[in-house]
């Protein structure tokens, strides 16, 4: 990793505050989770050869809803919408336990309001938030 920037130094310092840590972790996980689900649904839509409009018709939604879901940078869909889209694509949204390595970083930080390694937590959250962006850029 490169030498820490002022941003990273400030972030690591901010993660020492329990309230900030919890908000940052929750928001990072929310972004990564929604992004992963939406991108998987869009991949399935494309593999099925369905347009966004035809998928919208299948779930009785406005076509603009599908455009926002699959192209919006600030998409925050409801679980109901994700479940409906998944069902139309022959899929379902399901929960899975975090691997132990993630559980120790994420869950313990949320429960305790502190991170054993704030710099490591910041780096990990940045990685999961940008996983899809780096894989689609290739």
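The values are calculated or read from the model by the stated rules, or taken from the named source; none is laboratory data. The structure displayed is predicted, hence computed values, not measured ones. Using ideal geometry, Cβ is built from the backbone for each residue, glycine included, and neighbour counts are taken over all protein chains shown.
Regarding residue 28, is this residue at pLDDT 90 or above, on the phi < 0 side of the Ramachandran plot and surrounded by 14 or more Cβ atoms within 10 Å (Cβ to Cβ)? Against the criterion (at pLDDT 90 or above, on the phi < 0 side of the Ramachandran plot and surrounded by 14 or more Cβ atoms within 10 Å (Cβ to Cβ)), residue 28 qualifies. Checked against (1) buried (at least 16 other Cβ atoms within 10 Å of the Cβ); (2) in a helix (DSSP H, G or I); (3) at pLDDT 95 or above, residue 54 passes all but condition (1).
Would you point out the residue of segment 98-110, among those that are under 14 Å from residue 22 (Cα atoms) and without any contact (Cβ under 8 Å) to a residue 60 or more places away in the chain, that is farthest from the chain's Cα centre (by Cα)? The selected residue is 108. The sole residue among 101, 75, 109, 36 that is within 23 Å of residue 11 (Cα to Cα) and in contact with a helix residue (DSSP H, G or I) (Cβ under 8 Å, 6 or more places away or on another chain) is 109. State whether the residues of segment 5-13 include one that is in a helix (DSSP H, G or I), closer than 22 Å to residue 128 by Cα and at pLDDT 95 or above. No, there is no match, as no residue in segment 5-13 is in a helix (DSSP H, G or I), closer than 22 Å to residue 128 by Cα and at pLDDT 95 or above. Within segment 31-51, the residues that satisfy the criterion of being over 17 Å from residue 79 (Cα atoms) and either surrounded by fewer than 15 Cβ atoms within 10 Å (Cβ to Cβ) or in contact (Cβ under 8 Å) with a residue 60 or more places away in the chain (or both) are 43, 46, 47, 48, 49, 51. The single condition among (1) modelled with pLDDT of 90 or more; (2) surrounded by 15 or more Cβ atoms within 10 Å (Cβ to Cβ) that residue 112 does not satisfy is (2). No other residue among 89, 125 is touching a helix residue (DSSP H, G or I) at 6+ places or on another chain (Cβ under 6 Å) and farther than 26 Å from residue 24 by Cβ apart from 89.
Here the condition is being within 14 Å of the chain's Cα centre (by Cα), modelled with pLDDT of 90 or more and not in a helix (DSSP H, G or I); of 69, 82, 95, it holds for 95 alone.
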